[in-house]
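Here, each number is a calculation from the coordinates, and none is a lab measurement. Every value quoted in this text rests on a predicted model; they were computed, and no experiment measured them. Every residue, glycine among them, receives a Cβ derived from its backbone with ideal geometry; neighbour counts consider all protein chains shown.
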Amino acid sequence: MASAEAPTRGLDVIFGEYFRDYQVEFLKDWSPRRLCLKARRVGMSDAAAFDVVMTTSGLWEFFGAPVVTHNYSVISKRDTEAQQFIRYCKRWIDILAEDPAIAPFVELTTDSKTALAFKRSGRRIQSDTQSEMAGRGQEATC
C-alpha cells in the first residue's frame, strides 16, 4: 500500500455517485484481460477512462488491486475521439483530486490534448489516432 492514510472518499461512494451497475461490475473486475461489448451511449468510454486513470496513477494498487507497471495507449479512429478520451481522463483526475489523500496520486507531469503522465507513478496515458505509426515505439497495453 502506497500510503498509510486511507482515502476519505471511498470507492463505493464514487461507484454509487457516478456509475451504473454494469460499469461497476466491469471496474471491480481486476482480471488481466477483460472483454465488454461497447455500444454507443452506454458510458463504457467514461468507465474505461476511470479505470485507466486508476491504473496508471497507481490508485488501484492503493485500494488493493494487483500491481500494474505499464503505460496505456488508446487508439481511436479520429483526433476528436482520441482527445475526448483524454478529456474523460482529466475529468476523473479532477474528481479524484478533491480527496486530499488521493490528490498526490493524480498529480501530473504531462498534461496535453493527447497525453497525460503521472508524477508519482511515472506512468503515462497516450491517446492517438489510427495510423500505421500509432502506438509504435511506446511501451503500452490497451
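What to note about this one:
- Among the helices of the chain, those built from whole DSSP H runs whose Cα atoms reach 15 Å or more along their own axis and whose mean Kyte-Doolittle hydropathy is at least 0.0 are 44-57.
- Cβ-based exposure ranking for Val68, Val13, Val53, in which fewest neighbours within 10 Å come first: Val13, Val68, Val53
- Estimated translational D of the chain in µm²/s (Stokes, Kirkwood radius over Cα pairs; 20 °C; 1.002 mPa s): 138
- Over the chain, relative contact order from alpha-carbon pairs under 8 Å, at least 6 apart, %: 27
- Separation between Cα centres of the stretch 110-126 and the stretch 6-57, rounded to whole Å: 19
- Beta-bridge orientation, the stretch 43-142: approximately 50 percent antiparallel, per DSSP, counting only bridges with both partners inside.
- Calculated mean residue ellipticity, 222 nm, the chain: -11000 deg cm²/dmol, from DSSP H runs (n ≥ 4) at -39500 (n - 2.57) each, averaged per residue and rounded to 500.
- In terms of other Cβ atoms within 10 Å, Glu107, Glu81, Glu17 run from fewest to most in the order Glu17, Glu107, Glu81.
- Ranked by how many other Cβ atoms sit within 10 Å of their own Cβ, fewest first, the residues Asp21, Asp99 fall in the order Asp21, Asp99.
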